[in-house]
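One structure is given here, and the rest of the page talks about it.
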Amino acid sequence: MTGPGAPAALSDSFGRVARTLRVSLTDRCTLRCRYCLPAEGVAWLPTDEVLTDDEVVRLVRIAVERLGVRRVRLTGGEPLLRRGLEEIVGRIAGMRTAEGARPRVALTTNGVSLARKADALVDAGLDRVNVSLDTLDRERYAALTRRDRLPDVLAGLAAARRAGLTPIKVNTVLMRGINDDEAVPLLRWAVAEGYRLRFIEQMPLGPADEWDRAQLVTAQEILDRLAAEVELVPVPASQRGSAPAEMWRVAGTDAEVGVIASVSRPFCGACDRVRLTAEGHVRHCLFAATETDLRTPMRAGADDDELVRLWVAAVAGKPASGIGDGLHVPPDRLMSAIGG
Ligand code: SAM
């Protein structure tokens, strides 16, 4: 039902319903992680092509109030670069779903400037934060991200913990010969600090020459390395829901560790996500071959009903699988532009 004012759902022909909206607030980033961005020469979006704060809030409001979205994750690029982030968070936290519930608001960040902003973000209504961190070695960090910012990230994590954004998830991509020897040290560190570590398999989304299936550090390999030194107890799949991580509890502690097998065991069947790019395009999948432009009709005066109709149609055509069938084509955009 997508008639005027009526609630609709973002459902596809495989019975999945999108409840989580990931919004890219900018394609720009403070870092240049090798597997995500080239060192230089990225054609950033011109400012006038990026959604304004009011446009972001309008589209998120439509998703929450009209389209059944319950969780909103702000990402990028680096969302902490977005001026007015706190205000956007506050405006989203003030929305209500059709059932009257407050949407959960989360942030995925590299953490570089989190120390300065954690308190204000919590005050604005932020519920959760995921921080991306691939190594605890300062030199490696600088080589991997092409910026010497590890101390800032660690300070950002500590500030987020003090601000009460727990449990804080730390997302790590392991790469062969670069940081794959850090699986166990990273886990021991996360357990000691009270962070929830999640390893994510490297996906073919960054610069083309940075991904090689044969070199992939798979979820199984990561688990084998962890299990060789740490006793892990599986968390039942029934507690996994649509979350992509397979979870283990570290025996003798309250700590959990997750492994996201995006490439070797993709979880497309349980996917409940839809994405909005920084310039206002709907993507039903990271690997989608098509996008639906909402910005152009919005700026041409489309009303909410028309935007609902376009959004519903964009998700209805979502294929069964985006990656993993061996047939996926890497998207013609970098992860930073799609919104990771
Ligand atoms: N700048 C923010 C951050 O660092 O978390 C948000 C955007 S970033 C694109 C989101 C996540 O995508 C990060 O955890 C990053 O490690 C991950 N990522 C980027 N490229 C990836 C790739 N090719 N494979 C797997 N994860 C990737």
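A short reminder: the numbers here are calculations on the coordinates, not readings from a lab. Small disclaimer: the values here were computed from a predicted structure and weren't measured. With ideal geometry, Cβ positions are generated from the backbone for all residues, glycine too; neighbour counts draw on all protein chains shown.
Observations on the model:
- Projecting label points 7 angstrom from Cα along Cα→Cβ for residue 184 and residue 52 puts them 5.6 nm apart.
- Virtual paramagnetic centre 7 Å along Cα→Cβ of residue 231, amide N under 18 Å, in the range 245-269: 248-257
- The chain - Kirkwood radius from inverse mean 1/r over Cα pairs (Å): 20.5
- Backbone amide hydrogens, once placed in the peptide plane, bring residue 77 within less than 5 Å of 336, 337, 339, 340, excluding anything fewer than 5 places away on its chain.
- In the chain, the longest principal axis of the Cα atoms and the axis of helix 219-229 are about 40 degrees apart.
- Relative contact order of the chain, defined on C-alpha pairs under 8 angstrom at six or more residues apart (%): 22
- Antiparallel DSSP beta bridges within the chain, percent to nearest 5: 30
- Rounded tilt (10° steps) of 183-193 against the dominant C-alpha axis of the chain: 80
- The simple spin-label model puts a point 7 Å past each Cα toward its Cβ; for residue 309 and residue 224 those points are separated by 5.5 nm.
- Note on residue 249 and residue 176: with the Förster distance fixed at 25 Å, the Cβ-Cβ geometry gives a FRET efficiency of about 0.40.
- Top of 314, 300, 245 by mean-square fluctuation, Gaussian network on the chain, Cα under 10 Å: 300
- Legend: calculated FRET efficiency, residue 102 to residue 192, from the Cβ-Cβ distance at R0 = 45 Å, rounded to 0.05, equals 0.85.
- Shape of the range 1-151 from the C-alpha gyration tensor: prolate (a/c of 1.5 or more and a/b above b/c, with a ≥ b ≥ c the square roots of its eigenvalues).
- Lone cysteines, the chain (no partner Cβ under 4.7 Å): 29, 268, 271, 285
- Angle in degrees between helix 114-124 and the longest Cα principal axis of the chain, rounded to the nearest 10: 40
- For residue 318, distant residues with modelled amide H under 5 Å away: 13
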